[in-house]
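To start, the structure itself, in structure tokens.
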Number of protein chains: 2
Amino acid sequence: MTTMRAERSAALMHGILEELQRYSAGGPGVTRLLYADEWAAAQQYLSERMAALGLAVRCDRVGNVYGRIEGTREAAPAVLTGSHIDTVRSGGAYDGAYGIAAGVAALDYLQRTYGPPVRPLEVVSFCEEEGSRFPLSYWGSGNVVGAYDVSEAPRHIDFAGVSMEDAMRRAGCGLDDQAPPARGDIGVFVEAHIEQGVTLERMNLDIGVVTAIVGQKRYIVKLIGEANHAGTTPMGMRRDPCAGAAEMIAALERMALEAGDPLVATVGRMELSPNTPNVIPGAVTFTIDVRHADGEALDRFGEALAETIHTIAERRGLGVELSLWVDTRPAPMHPKLYSALERICSEQGLSSRLMVSGAGHDAQMLQQVCPSAMIFVPSRLGVSHSPDEYSTPEALENGLQVLIAILYELAYEERLP
Amino acid sequence: MTTMRAERSAALMHGILEELQRYSAGGPGVTRLLYADEWAAAQQYLSERMAALGLAVRCDRVGNVYGRIEGTREAAPAVLTGSHIDTVRSGGAYDGAYGIAAGVAALDYLQRTYGPPVRPLEVVSFCEEEGSRFPLSYWGSGNVVGAYDVSEAPRHIDFAGVSMEDAMRRAGCGLDDQAPPARGDIGVFVEAHIEQGVTLERMNLDIGVVTAIVGQKRYIVKLIGEANHAGTTPMGMRRDPCAGAAEMIAALERMALEAGDPLVATVGRMELSPNTPNVIPGAVTFTIDVRHADGEALDRFGEALAETIHTIAERRGLGVELSLWVDTRPAPMHPKLYSALERICSEQGLSSRLMVSGAGHDAQMLQQVCPSAMIFVPSRLGVSHSPDEYSTPEALENGLQVLIAILYELAYEERLP
């Protein structure tokens, strides 16, 4: 990158990130839930910022905001970059926002440096990815790829009893004269994002090049035993679901370690009932979150897990209810794209590694309709979904540099996967 | 027992039990907390009931109510029976109340059948045992044996901010002209109580003869790991306190089974933080409740437990805080008394077994100052501290029959331990 222009791009990106964190519901960190007032103000700000940079701005019916540079080749499919504008409650300033800010800065740099691209170049601020307000996720990118339809909006109700349709209207979306969100003209998607994990930082790497987004299985396990007095019930007369859960969780960890990376298995939530020091619990409920980039390996692990749980429960005389409430398939990124990203990192003197994304991202929706790729930058201590979320300016600029390079190859050189 | 008199005694006992459960704060089961209005009304009812039966009634400064039959031998130490009038919140109708009702019925039977005893015979309704209102237990029997002093009352504050002193006054206790609770004139104590466990019912036995009340150690274990994203943190980069807790709880159960009866170890309460399905917990807190009738064996188990916890925590890189917040010694019942009870059961054609009490009782306070004994009757399904607490009329009458027989030997025949 030409130094002057690179400095301008970095400053533009940092400025947008700084500005965006001001659109928050208050409290620690950033809280910007779908269709909230601060959400609408943030999309309005981005629209104006993109327009001021000479991008053609468009907002679709569900509130996805696009900034576009027309291509010189007629009817060419678009090269799209971007990420989501919404946050979790008390989230950070980088999750989602970074991919948007980097995308705007990249388009600005490319336009100023090289003029109009051959293929149309777009940056998107997806309306929703986190699932923090309504009981669904990827509402923005899901509408783009046709996994959701805006007509579902009246059915989704938030924690305060507000329907998504009412929330949309209040935010100025959901109007008939707004463009339908589904698109058939996207040729390729590249998303820059913070890693939200510890791997890059611990390995001292600049860039993570994503090969796949993991599939997930999430279970709720309910074990039913017999609540009894902790003092008057001999060990041999107990049906203790807490002891059963402990045996299961220990077995689960062993199985996950044996399966090896990138499989991860986590028990994050657990509730004992009645949860009293001197009472043997009558019931224990815990969650299991399993992720893997290989769908078959994930299925095999899920089967082994279910068998282990049922075997232990049966031996202990515990009732068991095992429910699978999330079951998503792994989403592969495009090999030609991630190979190109590896090469670009190497050309730019940036250290990188191919890695699996353990978290979900909009790219997993987009890869259903077009070749997709993701660029990760390090997260300090791996912290995300927290006010403490942080990535250094250098880390963010490294990601921007790589994003600019891949978008140039895709939109100007038409090196397509 | 003479049949007519026995029928009258059984009816008296059942009548008192039925009447007592009407003194409750409302809600499911019986709630009769120390010094509450319903508590004061219950003690008043008992005072009147005992007086009507010809017992000399006395209420001491902390609210223990006694009914007494004078003995014929001057200055002889008293034979005392009874239990506590207070309950847990939403407790049952038998825990505590049974020992009082059986005691009143036993004294009535003995007086009517045999006239005045040689040694004074008393039944007591201890004011408090459960620790449900103020952060202490055995306030009634503890004041009798000198483990507590009524002068501490201003220091104890309930969940609503009321001091025990104010609560006492409101209940008509704590007055200077009331008798001090400490007594040096008790020669022997016998307490009838529901088992609150499953052993007698499962073994189809009529009576449990208690050899000792267990000592207890209660711990709070806090494990500090590193909260991280469940998807983006490889298994090998985790310090997961939930997996650590599972390993500890599984080890604890193995150790307890190896130690054998009557040792019991229970994890009844557990809290994960932040307790979210897709976040590796940053901290886990759980309780351990260990009980044994042998103080040295209890100490050895406590040491092994602490070593196991520290070893596992260290290997996993977890911070650990292990705090011992309850540490009571086992309380032996008197061998001559429990042998006599075994003999009595056999003479009366009742099946029985010697057993350890896994729960605490007033007898553990009284045994500090005089030979003490306990008679257990079966609890349906072992349930106690619950509105579902239940013992059959026959079971309660069996206990009454044994209580009458032992009191006769102690107070009329002066067969003393």
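The values are calculated or read from the model by the stated rules, or taken from the named source; none is laboratory data. Note that this is a predicted model, so its numbers are computed, not measured. When we count neighbours, we look across all protein chains shown, and the Cβ atoms used for this are built from the backbone with ideal geometry, even at glycine.
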Among the residues of the range B:23-42, which ones are assigned to a loop (DSSP other than H, G, I, E, B) and either under 16 Å from B:H84 (Cα atoms) or touching a His at 6+ places or on another chain (Cβ under 6 Å) (or both)? B:Y23, B:S24, B:T31, B:R32, B:L33, B:L34, B:Y35, B:A36
What tally of residues in the range B:273-300 results from selecting those that are under 26 Å from the mean Cα position of the chain (by Cα), within 12 Å of another protein chain (Cβ to nearest Cβ) and outside any strand (DSSP E or B)? 1
So which residues in the range A:329-354 are under 11 Å from A:I406 (Cα atoms) and among the charged types (D, E, K, R)? A:E342, A:R343
Which is in a loop (DSSP other than H, G, I, E, B), touching a strand residue (DSSP E or B) at 6+ places or on another chain (Cβ under 9 Å), outside the structural domain of A:R32 (by TED's automatic domain parsing) and surrounded by fewer than 23 Cβ atoms within 10 Å (Cβ to Cβ), of A:L416, A:L350? A:L416
Given (1) hydroxyl-bearing (S, T, Y); (2) within 15 Å of A:D362 (Cβ to Cβ); (3) over 17 Å from the mean Cα position of the chain (by Cα), identify the lone condition not met by A:T113. (2)
Which residue, of B:G92, B:G27, B:G103, is farther than 28 Å from B:Y408 by Cα, in the same structural domain as B:G399 (by TED's automatic domain parsing) and either crowded, with 24+ Cβ neighbours inside 10 Å or free of Cβ contacts under 8 Å to residues at least 24 places away in the same chain (or both)? B:G92
Only one of B:M237, B:M270 is touching a Leu at 6+ places or on another chain (Cβ under 7 Å), at the interface with another protein chain (Cβ under 7 Å from one of its Cβ atoms) and not charged (D, E, K, R). Can you tell me which? B:M270
Just the residues that are part of a helix (DSSP H, G or I) and in contact (Cβ under 8 Å) with a residue 24 or more places away in the chain, please, taken from the range B:257-272. B:A259
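So that you can scan it fast, the table gives a plain yes or no per residue for (1) touching a residue at least 24 places away in the same chain (Cβ under 8 Å); (2) away from every other protein chain (no Cβ under 14 Å); (3) within 14 Å of B:T211 (Cα to Cα); (4) not small (G, A, S):
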| position | (1), (2), (3), (4) |
| --- | --- |
| B:A359 | yes, no, yes, no |
| B:L366 | yes, yes, no, yes |
| B:S372 | yes, yes, yes, no |
| B:P378 | yes, no, no, yes |
| B:G382 | yes, no, no, no |
| B:D388 | yes, no, no, yes |
| B:L396 | yes, yes, no, yes |
Considering residues of the range B:68-105 that are part of a strand (DSSP E or B) and more than 21 Å from the chain's Cα centre (by Cα) only, the residue nearest to B:D176 (Cα to Cα): B:R68
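Yes/no per residue for (1) more than 7 Å from chain B (Cβ to nearest Cβ); (2) modelled with pLDDT under 95:
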residue: A:G215; (1), (2): yes, no
residue: A:T233; (1), (2): no, yes
residue: A:C242; (1), (2): no, no
residue: A:I249; (1), (2): no, no
residue: A:L252; (1), (2): yes, no
residue: A:G260; (1), (2): yes, no
Do we have A:D362 as under 18 Å from the mean Cα position of the chain (by Cα), within 16 Å of A:R291 (Cβ to Cβ) and acidic (D, E) here? no
Modelled with pLDDT of 95 or more and either more than 23 Å from A:V124 (Cβ to Cβ) or polar (S, T, N, Q) (or both): is that true of A:V162 in this structure? yes
Quick check, is A:V369 surrounded by fewer than 20 Cβ atoms within 10 Å (Cβ to Cβ) and either under 13 Å from the mean Cα position of the chain (by Cα) or outside the structural domain of A:G295 (by TED's automatic domain parsing) (or both)? yes
Restricting to the range A:217-231, and then to whatever is more than 8 Å from chain B (Cβ to nearest Cβ) and not hydrophobic (A, V, I, L, M, F, W, C), can you tell me which residue is farthest from the chain's Cα centre (by Cα)? A:E226
